[in-house]
Amino acid sequence: MRIILFTGKGGVGKTTLSASTGAYLSELGKKVLVVSVDPAHSLSDVLEVDVGPEPKEIFKNFYAQEIDVYYSIEKFWGVLKEYLKSLLKWQGIEEVLAEEMSVLPGMEEVSSFLWINKHVEEGKYEIIIVDSAPTGETLRFLSLPDAASWWVTKILPLQRKLMRFIRPAAKIVTDMPLPEEKTYDALEELFRQVYNLYYLLQNQEISSVRLVVNPEKMVIKETEKAFTYLHLFGFPVDAIFINRVVEKESPFYEIQKKYIERIVKSFEPTPIFMIPQVYEEVLGYEKLKEFGKKIYQDKNPAEVFFKDKPFEIFEKKRKLYFKNNVKRAFRREIRGLSKRRRFNY
């Protein structure tokens, strides 16, 4: 089993690279699923096929899925959403408004990624390729288990025990909906799946994050930050893809050359793939497959390209320290993070 997650700033070409990688791997005989969790939903456009909220076979060994947020929320959060909706209606909120308000912040991102855990547990596919949302949304999901761990391990069990005692008496004096045991069961199962996926994505033998970057100043700055945060949270980045590289004859060559040098200096020794600018649309399975061959050439897209850790965090005398192995370009990012998180550099 392999999970390959493509992320980067919006508009850098993540969907095309995800679909090209999947198409090429299916040509190599692997059973591949490409999952788009990006709300922009460009996968159908790139494949020139309608892709639904459930996995759909597009070609032999090649499956695709575009996550529908509301469909996914009903599938994974159904019990919890119904309880929240009943509580809001009890407070006098109209049903239509209660339906919308019962979708809490974070539900969308979590619901999308829970599909990946479901596919892993079912074991139907050899390789799952994730066309993820822009870096900010992806990082927000990846940091969720750390942020929620204290509440899940300490508060939730205590609250559940307390509710068992309160519920019978409360029903006598109020008609306010109280969470039933099935609500807590659903919540615990939900977090079990989230944590399972979290640890899968941290396992570099199974999962790899691949960052897509264009040779542009703002894109590079965001990618550097994403690279730093991904490694701090323990998610392995095994390759950088520089997309839309122009030829030497282009008037933009010298501008791009400067930025490409910065990318190489910043991210090495992480492997870097240079993807030339194409002047026709890469649409449809056949074109995507050929584009995938050009990207990877003699390499197998399923292999883990890089396993070293650019930096690590360790504890010494009750203080957190960085062991920094990255290039100078990232030291400013890490120093700034050190001050905010009370790390010692």
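The values are calculated or read from the model by the stated rules, or taken from the named source; none is laboratory data. None of the values given here were measured: they were computed from a predicted structure. Every residue, glycine among them, receives a Cβ derived from its backbone with ideal geometry; neighbour counts consider all protein chains shown.
Details
- Top-ranked residue in region 259-318 [being closer than 22 Å to residue 130 by Cβ and small (Gly, Ala, Ser); ranked as surrounded by the fewest Cβ atoms within 10 Å (Cβ to Cβ)]: 284
- Of residues in region 199-218 being within 15 Å of the chain's Cα centre (by Cα) and crowded, with 22+ Cβ neighbours inside 10 Å, the one farthest from residue 143 (Cα to Cα): 212
- Selected residue [over 26 Å from residue 304 (Cβ atoms) and either among the hydroxyl-bearing types (Ser, Thr, Tyr) or in contact (Cβ under 8 Å) with a residue 12 or more places away in the chain (or both)] from 80, 114, 43: 80
- Top-ranked residue of region 28-65 - restricted to ones that are touching a Gly at 6+ places or on another chain (Cβ under 8 Å) and not in a strand (DSSP E or B), ranked as farthest from residue 11 (Cα to Cα): 61
- For region 96-117, taking the residues that are modelled with pLDDT of 80 or more and touching a Leu at 6+ places or on another chain (Cβ under 9 Å), the one that is nearest to residue 33 (Cα to Cα) is identified as 116.
- Residue 232, sole failed condition from (1) modelled with pLDDT of 85 or more; (2) under 18 Å from residue 7 (Cβ atoms); (3) of a type outside the set (S, T, N, Q): (1)
- Considering region 23-75, and only residues there that are surrounded by fewer than 23 Cβ atoms within 10 Å (Cβ to Cβ), over 21 Å from residue 287 (Cα atoms) and among the hydrophobic types (A, V, I, L, M, F, W, C), the residue that is modelled with the lowest pLDDT turns out to be 40.
- Residue list for region 169-210, filter: outside any helix (DSSP H, G or I) and either out of contact with any Leu (no Cβ under 8 Å at 6 or more places or on another chain) or free of Cβ contacts under 8 Å to residues at least 24 places away in the same chain (or both): 174, 175, 178, 179, 180, 203, 204, 205
- Selection within region 221-271 - among the aromatic types (Phe, Trp, Tyr) and assigned to a helix (DSSP H, G or I): 227, 229, 253, 259, 267
- Tallying residues that are more than 18 Å from residue 210 (Cα to Cα) and modelled with pLDDT under 75 within region 134-158 yields 14.
- Residue 77 fulfils the conditions (1) within 30 Å of residue 25 (Cα to Cα); (2) touching a Leu at 6+ places or on another chain (Cβ under 8 Å) except for a single criterion, (1).
- Annotation: residue 293 fulfils all but one of (1) touching a strand residue (DSSP E or B) at 6+ places or on another chain (Cβ under 9 Å); (2) under 16 Å from residue 241 (Cα atoms); the unmet one is (1).
- Set 333, 312: member being under 29 Å from residue 15 (Cα atoms), within 24 Å of the chain's Cα centre (by Cα) and modelled with pLDDT under 90: 333
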